[in-house]
2 protein chains.
Amino acid sequence: MVRSDARENRSRILAAARQAFAEDDDTSMNRIAQLAGVGAGTLYRNYPSREALILDIYQDEVGRLVATVAELLTAFAPREALRRWTVALVDAMRKKHALGAALSPDAHKSMAERSYGPVIAAIAELLEAGKRDGSIRADAEPVDFLQLTGALWRAAPDRSEPMLALILDGLRVQTENSPLPVD
Amino acid sequence: MVRSDARENRSRILAAARQAFAEDDDTSMNRIAQLAGVGAGTLYRNYPSREALILDIYQDEVGRLVATVAELLTAFAPREALRRWTVALVDAMRKKHALGAALSPDAHKSMAERSYGPVIAAIAELLEAGKRDGSIRADAEPVDFLQLTGALWRAAPDRSEPMLALILDGLRVQTENSPLPVD
DNA sequence: CTAGCTTGTGGAGACCTCTCCACAACAATA
DNA sequence: TATTGTTGTGGAGAGGTCTCCACAAGCTAG
């Protein structure tokens, strides 16, 4: 049985966090707890890590992004849809720095977090479309792609576009010209 | 005029740090200061950031890695040389976790640090060789490549190889089949 | 209404990175 | 050797993430 004040607290935390992050993308966990009028312990019981909180806050932001996939896929060829979507994603990560950090963690903890899943699903859908029409290699992995996306986010803004181009080229179905010498 | 005790301290710090990191790759700066018998202030005056210290510690490790480039380039075709070298680099980053973190920082601060430069130079050399023999696109950028390498390091170990393959494919000189629709 | 049990709480505290500055140690000069 | 810059020092402290647990609140059942 979930205690009533507990639910109250959780939503106060989320509200406080949302506002705090809107003003300053680097707000500390302590500050959020303070703004929400709860102790650090309560904050961390609700959100076991900074990452988890951020992913929850930006859930709708991410949702909006994910929702554009279908549209992009009707308007553009899969590769171009993927390109555009990724540009938008990296852009969002850059604007909400915290989101970038949460989506490209050092380890792979965020797996299965409420926001991480949908992002992977969106990428999977875009890749699938490309595989179907033969413009993307069959062994492309959504998780790998997101990881690579993290590199774009970390890179200097003006390198983002050429790096993405490189990745997209790597995603092409490979012909076996210029074969790799095995040794 | 550099004071004599200062030089003394600096080398004590380096020695302590070297040993500490050998035992525990996550040793804290405080602990290193303590082991070296200096205050935190002194540590930070010598090494303005964690990153800087780590890069100095692993300078020879990096040096060794960099030195293998020439050898690889005589034994293998450029692309294969690049592949092997990168595998070794990522491997080293994984073994010395701290080195990985120092070489793939969130921001791009490490630029021009004593170890960062040589790594970039090594990559540049490998890429150059590939450009010369036409197996690597002319616009490939060493810094971009290192950034991407950071993604390999952060990824699950078993994804490292396929991701690298993808990057290497992206580095190929691109023929203009499967053209990208511009919109 | 109260007793008891379960669930949730706050904030002290461990440990982190990095800054700041009154003071100490050296070097140069008289 | 004494004096006087200069250069370097240590550790307190600001502010961070996250853990732990004695205690408080909410919820049944009698």
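Annotations
- Only one of the numbered conditions (1) assigned by TED's automatic domain parsing to the domain that holds A:SER104; (2) aliphatic (A, V, I, L, M); (3) surrounded by 18 or more Cβ atoms within 10 Å (Cβ to Cβ) is violated by A:LEU43, and that is (1).
- The set of residues in the range B:1-50 being within 8 Å of DNA strand D (Cβ to nearest atom), of a type outside the set (A, V, I, L, M, F, W, C) and outside any helix (DSSP H, G or I) consists of B:ARG3, B:GLY37, B:GLY39.
- Screening A:LEU72, A:LEU99, A:LEU53 for residues that are within 11 Å of DNA strand D (Cβ to nearest atom) and surrounded by 17 or more Cβ atoms within 10 Å (Cβ to Cβ) leaves exactly one candidate, A:LEU53.
- Taking the criterion of being in contact (Cβ under 8 Å) with a residue 60 or more places away in the chain and of a type in the set (S, T, N, Q), the only residue of the range A:32-81 that qualifies is A:SER49.
- Among the residues of the range B:124-159, the ones that are open to solvent by 20 Å² or more (accessible area, probe 1.4 Å), of a type in the set (Gly, Ala, Ser) and under 17 Å from the mean Cα position of the chain (by Cα) come to 1 in all.
- Filter pass, A:SER135 being outside any helix (DSSP H, G or I), modelled with pLDDT under 95 and not assigned by TED's automatic domain parsing to the domain that holds A:ASP26: no
The values are calculated or read from the model by the stated rules, or taken from the named source; none is laboratory data. These numbers were taken from a predicted model, which means no experiment stands behind them. Note: ideal-geometry Cβ built from the backbone for every residue, glycine included; neighbour counts use all protein chains shown. Ligands, DNA and RNA are stripped out before the accessible areas are found, and what is left, the full protein with its side chains, is counted by its heavy atoms. Shrake-Rupley method; radii C 1.70, N 1.55, O 1.52, S 1.80 Å.
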